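What follows is a set of notes on a single structure, which appears directly below.
The values are calculated or read from the model by the stated rules, or taken from the named source; none is laboratory data. Bear in mind the structure is a predicted one, so any value in this text is a computation, not a measurement. We place every Cβ from the backbone using ideal geometry, glycine too, and count neighbours over all the protein chains shown.
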Amino acid sequence: MKKLFIFLLLILPAACGAEDINCKYNDSFIEETTPTGSNIHSFEWEKQRDLDSDEYVNKLKIVYKNHNTAEIIHKYCDMYNFEYIYFVNKNPNTLSEIDIVKYIAEGFKQSELKPEFRIKLDKIILQALNRHGYDAKTPFSIGLPIDQIIYNDTVEYGIEYMPDKSGPTASTLIFYMSIGGE
Amino acid sequence: MTIGIIQSVGVNGVNQKKDVRIIQTYLNSFTAWKKKIKPLKVDGYAGEKTDDAIKQFQLQAIGMKRPDGRIEPNGKTFRYLTMYYDQDQQRTLEVAALKNNKVPKNIAITNKSIASLAGLHDFTVSYKNSVKKSRRIVSEYALSIIKIAVKESGMKTAVITSTLRTPEEQASIMLKNAKTDLKKQYRLYGRNGDAVLKIYDNNKSKIDSEILKLMVDKINDLEKTARRVSNHCISIDGYKKKNIIDIGLNSTRNANKSFNSDKFTRALKDLSKEGYIDRFIDETKKSNQCWHIEITPNKKSLSSYNKNSILNQKKFINGNPG
């Protein structure tokens, strides 16, 4: 009994770490769908609370048959944050512009809120990569043009790319989008 | 009695009898035709004659190239039909339409009354007192776009409540709020804002001026790669290329005798669809209660408002037709 009490004392602070907060989007906002695609080996949903903000986090981890992996992160409370992280784990260890457009288009399908784009998202990404002077071996982080978006709320979105030959992950591609907030 | 129509009137419209009577009366009160049309019988039935009169109004009075013959509540045609009336006159006219009374002759729209009210010179856009003088730098072009929306809505003025926020001002606000409730700030900002808050989070032990400098550096770094921390956070050079403006709901309401939020929203939305406004966010129902617009100065000539329009623009605002 004493051991159980000590155990409860140890786990209680962790369980109560995230406060209950009033949110515009609550913890049932994300429907945990089954990702489909012949290239998917396995997948797993995970629920968390963000340590910095107490926002709800629903994460979908995907392992592809080509050994690459992806994380699709929905973080929400007062606003909605969507993040698609694609990890390239084998050769060729860098991504071409076409790969970037293709993977982001695939990941974007999973976003819960979708703005309308004045021109297609793939064209916006290609134009931004060309303007930036894309080089598959150099990391970059760019914002995408917000005047191409039609949505009745604040939207920010962008891409990050990190080629990393030394680590276990060859390259990482991130597409992010935030809707609402300041 | 609320004023205006409830549903669409004209070609493929819902054509509720009351709404049709109101539109027929407005069309009869418009006498500034270039090519005269016969007055309509105010009977509440939207037939060929009513449809044709709507098309003629769209063609002659608005300058639409492809008139569709339909009037939507607070849509462009309705805004043009009502833009020269104040709310009392509209009420008088609509009561007359529904009760089959005669419309007083003095509120008819004639060539003379249009000429006296033509152009944008009777309309103003002002800044709220809280906007610093150094931040009152909205371009003439952007002010003209706002004036068009003001005029189409039957109002006289709009009040700008916010323009640009420099990186120093943005960092200062974020630092102050982060010290009060950091978690809440993390919830309110997207990825770019979070990166700036992280600077505060990682440097809490330093003095404020040092933290502020680091936060400003981060905001400037983000802007170099087209990443904005908030809608209004932009350098003065950046602002000259893109005017970011909040028009306050309450300030604008208080400054107008005749105020119509829905009409003004529709006017801004239409100007956005037409490409004059790059971004439009209706934030009137959010805590900041404003219309947020972003305009690129001289991006597009105001060709819709040439001499064929009852706005009677004498010249194009940036000098180039089309």
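Here is the figure for region A:62-87: residues that are more than 14 Å from chain B (Cβ to nearest Cβ) and more than 16 Å from A:PHE140 (Cα to Cα) total 11.
Taken as a whole, the condition of being in contact with a helix residue (DSSP H, G or I) (Cβ under 6 Å, 6 or more places away or on another chain), outside any helix (DSSP H, G or I), touching a residue at least 12 places away in the same chain (Cβ under 8 Å) and on the phi < 0 side of the Ramachandran plot does not apply to B:ALA53.
Among the residues of region B:175-196, the ones that are touching a residue at least 40 places away in the same chain (Cβ under 8 Å) and more than 11 Å from every other protein chain (Cβ to nearest Cβ) come to 1 in all. Give all pairs with beta carbons closer than 8 Å in which a residue from region B:226-237 that is within 11 Å of another protein chain (Cβ to nearest Cβ) meets a residue that is outside any strand (DSSP E or B) and of a type in the set (Phe, Trp, Tyr); count only pairs at least 6 apart in sequence or on separate chains. Hits for this filter: B:VAL229/B:TYR189; B:SER230/B:TYR189. Whenever a residue of region A:27-51 is in contact (Cβ under 8 Å) with a residue 12 or more places away in the chain and of a type in the set (Phe, Trp, Tyr), its partners that are exposed (fewer than 12 other Cβ atoms within 10 Å of the Cβ) and assigned to a loop (DSSP other than H, G, I, E, B), lying with C-beta atoms within less than 6 angstrom and at least six residues away or across chains, give the pairs A:TRP45/A:GLU32. Of the residues that sit in region B:290-310 and are modelled with pLDDT under 85 and more than 16 Å from the chain's Cα centre (by Cα), which one is farthest from the other protein chains (Cβ to nearest Cβ)? Ranking the candidates gives B:LYS307 first. Of all the residues in region A:132-147, those that are in contact with a helix residue (DSSP H, G or I) (Cβ under 8 Å, 6 or more places away or on another chain) and within 8 Å of chain B (Cβ to nearest Cβ) number 5. One residue is enough: does region B:31-48 have a residue meeting the conditions in the same structural domain as B:LYS105 (by TED's automatic domain parsing), out of contact with any strand residue (DSSP E or B) (no Cβ under 9 Å at 6 or more places or on another chain) and part of a helix (DSSP H, G or I)? Yes, the conditions are met somewhere in region B:31-48. The set of residues in region A:18-70 that are of a type in the set (Val, Ile, Thr) and within 24 Å of B:ASP201 (Cβ to Cβ) comprises A:ILE21, A:VAL57.
In region A:112-131, of all residues being within 14 Å of chain B (Cβ to nearest Cβ) and crowded, with 16+ Cβ neighbours inside 10 Å, the one that is farthest from B:PHE280 (Cα to Cα) corresponds to A:LEU129.
When region B:143-174 is filtered for residues that are within 14 Å of chain A (Cβ to nearest Cβ) and farther than 28 Å from B:ASN202 by Cα, only B:SER162 remains. In this structure, is A:THR154 more than 12 Å from every other protein chain (Cβ to nearest Cβ) and either touching a residue at least 12 places away in the same chain (Cβ under 8 Å) or over 20 Å from A:ASN58 (Cα atoms) (or both)? Criteria not met by A:THR154.
Might you let me know whether region B:250-268 holds any residue that is within 11 Å of chain A (Cβ to nearest Cβ) and modelled with pLDDT of 90 or more? So far as region B:250-268 goes, yes, one or more of its residues are within 11 Å of chain A (Cβ to nearest Cβ) and modelled with pLDDT of 90 or more. The helices (runs of 4 or more DSSP H) falling completely within region B:78-182 that include 3 or more residues that are buried (at least 22 other Cβ atoms within 10 Å of the Cβ) map to B:87-99, B:140-152, B:167-180.
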